[in-house]
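K.L.:
The structure follows.
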Amino acid sequence: MDASNKVTTRCSPCNAKVRRQRLVAARARRMRGQAGFTLMEVLVSVVVFAISVVGLVALESRAIESQKAAREIRAGQRIAQQVMAEVMSRGFLELATQDFEGVADPAFPYDDQGIDADDRMRALGLPPADVDPTDEAALTAAGHTSVSQGHYIVIREVDWIFAPGAVPPIPLVTAADLGMVNGLSIDVVVMWLDYANPTYPPPDGLQTADLTPEMIDPLDPLFRPYVNYVQLRNIRANDAVLDPS
């Protein structure tokens, strides 16, 4: 056997090895080109994505409800401050000798629940003059809240303050009688239907004018969790100048 044949024979195994390596590399390249996700991986990814989206939507919905509740509370606070300023602007003698209905010599404490509920309603952002405020459909079309939503009802109460053991008489006739009253405690409660709480939504048909103070007292059987409120208290000192005679 000549030298050229010897070289060829000696290198044949090397050539076979190289060809196998090339085939393996080519097969690997083809497999990489065809690589992808299995059906199970796709299903798991879809489930994880769906759970994430549902959680984000619920979180956003709750954030919107919280913002609405905060706006209602701020509006209730502004109304309570306005009403308190109105009551505090009255003189001590006027508050001590007649109630909110103008009845003389009231028994303490007295409030304004005898006044028609419509006259104690407050609303921020009144609708246009050409829109009937009692028409639900017209209010909604005009971009305003309905009769029951966005409205507040006010309750004012006045009680007297006196020294222990020195109960003033009723009626307060003389200057001495009035002098026994050290001051007047004034409470303003603003209530509204809380539609921002999805857990306890107000029942259909309930109007803001139907709300009563018992609905905000957790110890009262008439307590209702869908009624929200703001309460302010102030003291009107006895600054009356009286003629002792």
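Please treat every number below as a calculation from the coordinates, not as lab data. This one's a predicted model, so the numbers in the text were calculated from it and none came from an experiment. Because the Cβ atoms are built from the backbone with ideal geometry, glycine has one as well, and the counts that use them run over all protein chains shown.
K.L.:
Could you tell me how many of the residues in segment 89-128 are surrounded by 14 or more Cβ atoms within 10 Å (Cβ to Cβ) and assigned to a helix (DSSP H, G or I)?
P.N.:
Here the count works out to 7.
K.L.:
In segment 188-235, which residue that is surrounded by fewer than 19 Cβ atoms within 10 Å (Cβ to Cβ) and under 22 Å from Thr97 (Cα atoms) is farthest from the chain's Cα centre (by Cα)?
P.N.:
Ile235
K.L.:
Of all residues in segment 160-174, which are surrounded by 14 or more Cβ atoms within 10 Å (Cβ to Cβ) and not β-branched (Val, Ile, Thr)? So that I can check it myself, show each step before the final result.
P.N.:
From segment 160-174, those surrounded by 14 or more Cβ atoms within 10 Å (Cβ to Cβ) are 160-162, 168, 172; that's our starting set.
Listed by number, the residues that qualify are Trp160, Phe162, Pro168, Leu172.
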